[in-house]
Amino acid sequence: MLLFNYIKLAWRNLIKSKLYSFINIGGLAAGLCVCMLIMLYVAHEYSYDRFHKDKDRIFALYQRIKLSNDTLQIDHFKFGTARAIQHQNAAVESFLRVGGPVGETAVIENPADPASKAEATNLSFTDAGYFIFFSFPLLQGDPETALKQPFSIVISASAARRYFGNEDVIGKQLRYNSQYLFQVTGVMADAPSNSSIKADFLLSMASIPGIESLKQFAADAQGVGGMFNVYLKLDAPAHATAVAGNISRQQAADGEPGRSLLVPFTDLHTSPQFNPGFSLRYLKLFPVVAILVLLMALINYMSLSTARATVRAREIGVRKALGAGHKHIARQFYVESALYAVLAFLLALGLCFCGRNWFFNLLQLKTDLRFLFHPTVLTIYAALLLITIVVAGSYPSFVLSRYNPITVLSGKMRKSSGGASVRKVLTVAQFSMATLLIICSIVINRQLYFFRHTNTGISKANILMLPFQSSMGNHYQAYRQQVSELNGVLETGTARYPLYGGLGMWFIQEEAPRPGLALWMMDMDRPLLNMEGLQWKIPPADMTQVGMEEKIVLNEVAVERLGFTSSPVGRYVNLGGNKMEVIGVVKDFHFQSLHSAIAPLGITVQTASSALWGSKSPGCLFVKIAPEQDLPALIAQIRKIYTAYDPAGPFKYNFLDEAFEKMYTAEDRLSGLFDGFTVLTILIAGMGLLGLAAFAAEQRMKEIGVRKVLGASVLQITALLSGEYVRLIIIALAIASPVAGYLMHQWLQQFAYRIHMQPWMFVLSACIAAATALLAIGAQTLKAAVRNPVATLRVE
């Protein structure tokens with residue numbers, strides 16, 4: 001009954017003070033929503049691959065090779081490696097090999113529906129024990145035999161719907177790369193969003209010897225550099241170190257470089273060493289931001305609750321005079337805090353659900369809806385609610401329950417009893433956090449702007465990249481010729497790989513001045529060399545040498561790393577046993593992202609009609625397009641030409657400038673999140689200051705009336721009421737600026753090419769924070785300043 005009365009009193013106060021209730025509940029809801037979204041993301045990232053039954057006993061095999069300046073980690077092994085490891089190590093209970101086609105794109109089609117032909121991005125060949133080794137559910141088929149026979153295939157539920165609609169797919173056929181028919185022997189559930197292995201098509205390992213382009217891989221013995229990822233299931237996790245040591249010794253005995261690593265399967269996703277697209281520092285940073293935002297919302301609540309203490313002082317005094325103790329008063333305000341927190345929590349849940357898609361689209365991630373109800377997520381949400389109730393109610397209940405009833409009821413309660421000093425500290429802390437995020441957001445955005453607008457040494461504008469597959473065969477030159485004759489096409493060129501999409505690598509042999517150096521390799525023709533705008537540092541003495549076999553062009557970094565102190569032209573480098581003569585040096589250009597320094601690069605330049613292009617080898621056609629062209633129409637024409645020469649291969653295209661920008665996805669995510677969080681923190685800080693300003697103006701109405709009667713102007717009164725807050729904002733700026741400067745300096749150190757922080761960044765941040773504060777308090781102070789003093793001084 002007592003609890004019901006507390007709730008009833010809390011609800012009455014909530015309805016009575018609508019502005020303050022809106023600020024408290026709205027601010028808490030905003031902070032909780034941010035926490036929920038970020039903690040949902042963090043929990044999702046750390047939950048990767050933990051749904052497998054034997055997750056603690058599964059390890060991924062890697063080979064780490066130390067080079068002169070870098071470390072290379074290889075995760076692909078030959079066909080016989082896994083079986084040999086099991087024979088040599090009793091602790092290896094079972095193994096699994098998973099590998100996709102090498103050097104070509106996989107295309108899957110339903111023979112009964114030729115229009116269904118599409119590129120299969122999540123396709124792998126694997127062993128028959130796939131569904132025994134992992135815990136992926138098999139909806140149809142026998143997990144022990146579904147992948148046992150040659151030319152059998154298991155497809156995901158979504159792939160089954162895409163290719164066969166609602167038909168029963170068991171026994172149906174799918175065609176692989178326009179040649180090989182596979183029989184569907186099973187349907188698996190779509191992989192959850194927190195799985196690092198996402199397969200739509202699993203083809204039996206026994207099929208590889210029957211596929212012309214892959215059968216050589218089935219003949220490989222053990223060793224590094226095949227087409228398969230290898231996973232080992234040990235009898236106990238503690239044996240991983242011993243098994244890795246045994247594998248390293250065996251690899252060394254077989255002449256393989258480096259040492260072997262066994263990486264826990266559940267660590268792969270969150271380890272930047274083994275998942276290059278993942279940034280662990282951002283995963284650790286986001287919870288800190290979430291805590292800051294929630295802390296600001298809690299500060300709002302505590303500031304307003306203690307500020308309004310004088311309004312409820314008589315209520316508390318009467319209750320104490322009637323016998324209520326400290327515990328009863330504290331309990332009442334804890335119940336009130338709990339009511340506010342629960343309402344804010346429910347509102348935050350609704351905001352979280354509505355904003356979930358926007359948030360994860362910004363992060364370019366996909367999560368299953370069912371993950372929202374994962375026990376870990378529910379536990380985190382319950383903890384957030386409990387923390388909010390405890391923290392939000394602790395200080396107000398402590399302050400309000402300590403009032404002296406005699407002092408309160410006699411009307412002698414001082415203004416300081418409401419915790420004015422504490423509110424000042426909280427306001428400074430709140431705006432320090434807001435300013436910190438503003439500065440960080442500005443620096444991150446400027447770094448991204450630098451990435452996108454710095455001169456990379458490559459001409460990227462209006463260049464279309466068109467990968468072609470080995471199925472193009474000997475028709476490539478005819479295909480390229482027809483594309484070059486289209487209206488709007490200025491130039492064409494060819495390379496082995498799309499730019500910013502992949503490169504070859506060779507290791508300098510012992511005959512070179514510095515053996516073991518890793519040299520990135522580009523194969524391109526002379527037209528592409530000119531199209532990309534690469535500049536010569538030392539041009540070839542005879543341009544007819546460009547395009548000849550066993551000739552190579554180096555960049556400046558390669559020349560320096562190789563120790564060619566004198567002229568490098570005429571010197572030789574040994575690549576895989578082939579001695580290549582250096583005929584020229586190009587100026588350094590960024591062929592990788594600006595995260596890292598320019599690496600050593602070698603370029604083999606071919607003629608446009610070289611046999612390297614075509615002859616059943618994949619490559620990429622580069623097309624320079626004239627400005628102001630009808631791009632959809634032009635791409636449709638190119639697609640038509642491509643299909644005429646290669647009806648089996650999928651038509652794909654990408655713009656060079658877009659490929660360049662995709663390398664900064666992680667920074668884009670961080671920038672978008674910081675922009676959103678910065679706006680939210682400014683809003684929360686502004687709301688809190690608005691509430692405090694409104695309350696302060698309300699408490700000083702009579703003082704303002706007296707000052708106006710004595711001749712004070714509106715401007716003077718506005719300055720009087722605003723001055724205290726302006727001083728607090730200045731203190732907040734002084735605290736936040738050096739902290740933000742240090743944090744951003746540390747963040748910028750990860751980039752080989754970066755901006756330098758400028759004074760204007762801090763000035764702009766200060767202006768934004770000050771403008772927010774003045775807007776929040778300006779309306780309330782001006783409203784109080786212009787009020788008629790007769791109304792405020794009237795004796796009741």
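Every number in this text was worked out from the coordinates using simple rules, so none of it is lab data. All values derive from a computational prediction rather than experimental measurement.
Structure values in brief
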| read-out | value |
| --- | --- |
| Listed residue pairs exceeding 21 Å between alpha carbons, taken from K172/K366; K117/K652; K551/K587; K53/K198; K172/K215 | K172/K366; K172/K215 |
| Bins of 10 Å, starting at 0 and running to the largest distance - Cα pair percent for segment 98-185 | 16, 52, 30, 2 |
| Percent of Cα-Cα distances greater than 22 Å, calculated over segment 419-510 | 63 percent |
| Whole-Hz ³J(HN,Hα) from phi, Karplus 6.51 cos²θ - 1.76 cosθ + 1.60, for segment 489-502, glycine and proline x | 8, 8, 8, 9, x, 9, 9, 5, 10, x, 5, 6, x, x |
| Residues whose placed amide H lies under 5 Å from that of V107, excluding near-sequence neighbours | A120, N177 |
| Alpha-carbon gyration tensor eigenvalues x 5, square-rooted, for segment 585-659, Å | 28, 20, 12 |
| Integer Hz, Karplus 6.51/-1.76/1.60 couplings in order for segment 627-635, x for Gly and Pro | x, 6, 9, 7, 4, x, 5, 5, 5 |
| Other-chain or far-sequence residues with amide H under 5 Å of S94's (modelled H) | K233 |
| Rg followed by Dmax, in Å, when segment 630-671 is reduced to its Cα trace | 14.9, 44 |
| For q = 0.12, 0.26, 0.29 Å⁻¹, Debye-computed log10 I/I(0) when each Cα of segment 728-781 counts as one equal scatterer | -0.37, -1.02, -1.13 |
| HN-Hα J in Hz across segment 23-36 - Karplus 6.51, -1.76, 1.60, θ = phi - 60°, x for Gly and Pro | 5, 5, 5, x, x, 4, 4, 5, x, 5, 4, 4, 4, 4 |
| 5 angstrom amide H check on E491, placed H, neighbours 5+ away | K624 |
